[in-house]
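No value in this document is a laboratory result; all are computed from the given coordinates. Values in this document were obtained by computation on a predicted structure and should not be read as measured data. Here Cβ is always computed from backbone atoms with ideal geometry, including for glycine, and neighbour counts include all displayed protein chains.
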């Protein structure tokens, strides 16, 4: 099982102008938001992106409950695997690991 990778999200700080009432606001939004996007706060008409003021990359925070469960499984899994292996198989794994380290 391969670990899931978290992809960072690009967030834009933009200036938007209403297409009807010409009200302007500064908004923070994901980069995937359309050029003609969210509704105006005043008249509820569509707004257009006028300028991109800044860009930044944001990564999602880890879920603490999932992290705790993963750690718990790791704490149990290693000793359980070692107890289930035969001495011969442990030796084979150790030799393969040593070969891999010295190969670099």
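Among residues of the stretch 30-55 that are farther than 24 Å from residue 7 by Cα, those with a beta-carbon under 7 Å from a residue that is exposed (fewer than 11 other Cβ atoms within 10 Å of the Cβ) at least six positions away or on a different chain give the pairs 48/35; 49/35. The strands (runs of 3 or more DSSP E) located wholly in the stretch 3-67 that include 1 or more residues which are under 18 Å from the mean Cα position of the chain (by Cα) and surrounded by fewer than 11 Cβ atoms within 10 Å (Cβ to Cβ) occupy 24-30, 46-58.
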